[in-house]
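First up is the structure itself, then whatever we jot down about it.
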Amino acid sequence: MPTAAFAPIAERLAAVRARIAEAARRAGRPADAVSLVAISKTHPAAAVEAAIAAGQRVFGENRVQEAEAKFPALKARYPDLRLHLVGPLQTNKARNAVRLFDVIHTLDRPRLAEALARAMDQEGRRPTLLVEVNIDAEPQKAGIAPEAADGFIADCRARWRLAPVGLMCIPPAGADPAPHFARLAAIAERNGLKELSMGMSDDFEIAVARGATLARIGTAIFGPRER
C-alpha cells in the first residue's frame, strides 16, 4: 500500500483532472474525450499505488525493462489497469512489449512494424498501436517524418496487417506547441485516425484545445522524476 510520503499524489492527480476538464470545456469538448495517462517512469510501485488509490487506472512507462519490473504484480492486483508504452521501442523488445502493454504509442519504422506484427502473432495478443511522428524532424528524436507518415500508415495497414488508431508526438522544447499539435491532428484526420497522444505536464491544456485524446502527464502528478 502507498505510504504517507506519496500522499500528495492524490491531490496533484485531482488538480490535473480538473485542469483537463476545464481545458476541454473551453474548447467545447466533453471532459471524457481526453484520457489521462499517468506517466510513472522512474517512480516506484508505491507511487503508482497512491495514484490507483485515487482512482487512476491508466499508466505510462518509457522502458520495457522498467515496466516488467514494476507492473506485472500491480496488474495482478488491479486487473483493470491499462499500461501504455510511451518511450522508444527496440525491435528485440517487441515481444516483451506486446506481452505487457495494452497500448504502444511509439510505432515509428518498418522494422518495428514487422517485429510487432510477428510478436502479435506469437503472443496471440494485439495491443492498440499509435504511430509516433517526429513532428519537427528533430534529429535527436524518434518518430516517422511528417511527410512520410501517410505512406507509413498505409504500409502498416496493407503490408503488416497492423491497425494503428492514432498518432503521438513530442513538440520541440521551447517552441510554441500549438502549431505542432495542429499539424499532427491534420495528419490523423486525413488518415482516418481518431486518437491523438499529445500534451505533457507543461503543455497539456494546449494539446486538449487542439484535439488531444490521450494526455501523457508525469511530473504534474508524481513530482520530479526519480533517478
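Read the figures in this text as sums done on the coordinates, not as results from a lab. Just so you know, these numbers come straight off a predicted model, no measurement behind them. Glycine also receives a Cβ, built like all others from the backbone with ideal geometry; neighbour counts cover every protein chain displayed.
Annotation: amide H-H contacts under 5 Å for M168 (H modelled 1.01 Å from N, sequence separation of 5 or more, or interchain): V131, E132, V133, S197. Secondary-structure-derived ellipticity at 222 nm for the chain, considering helices only, amounts to -12500 deg cm²/dmol, per-run term -39500 (n - 2.57) for DSSP H runs with n ≥ 4. Computed as a quarter of the hull surface, the mean projected area of the alpha carbon convex hull for the range 113-164 stands at 3.8 nm². Using a simple spin-label model with pseudo-atoms 7 Å out from Cα toward Cβ, Q140 and R82 lie 3.2 nm apart.
Report the far tail of the P(r) of the chain, meaning the percent of Cα-Cα pairs longer than 23 Å. Tail of the P(r) past 23 Å holds 46 percent of the pairs.
In this Cβ point-charge picture (+1 for Lys and Arg, -1 for Asp and Glu), the range 119-227 has a dipole of about 360 debye about its Cα centre.
In the neighborhood of L81, defined by Cβ-to-Cβ distances under 13 Å, what is the net charge if each Lys or Arg adds +1 and each Asp or Glu adds -1? Local net charge: +1.
Measuring between their Cα centroids, the range 81-99 and the range 158-172 lie 14 Å from each other. Semi-axes of the equivalent ellipsoid for the range 7-83, computed as √(5λ) from the eigenvalues of its C-alpha gyration tensor and ordered from largest down, come to 25, 13, 11 Å.
Report, in listed order, any pair from K70/K93; K75/K194; K75/K141 with a Cα-Cα distance greater than 22 Å. Beyond 22 Å between Cα atoms: K75/K194; K75/K141.
Taking Cβ atoms as reference points and 13 Å as the exclusive limit, the residues near G124 contribute a net charge of +3, counting Lys and Arg as +1 and Asp and Glu as -1. Whole-Hz Karplus values for the range 175-182 come out as 9, 5, x, 4, x, 6, 5, 5 Hz, taken residue by residue from phi with 6.51 cos²θ - 1.76 cosθ + 1.60 and θ = phi - 60°; glycine and proline positions read x. Within 11 Å, Cβ to Cβ, of G211, how many net charges do the neighbouring residues add up to if Lys/Arg are +1 and Asp/Glu are -1? It works out to a net charge of +1.
Working note: Karplus 6.51/-1.76/1.60 with θ = phi - 60° gives the range 53-69 the couplings 4, 8, x, 7, 10, 10, 10, x, 10, 8, 10, 4, 4, 5, 5, 5, 7 Hz, where Gly and Pro are set to x.
Net charge dipole, the range 4-222: roughly 540 debye, given to the nearest 20, about the Cα centre with Cβ charges of +1 for Lys and Arg and -1 for Asp and Glu.
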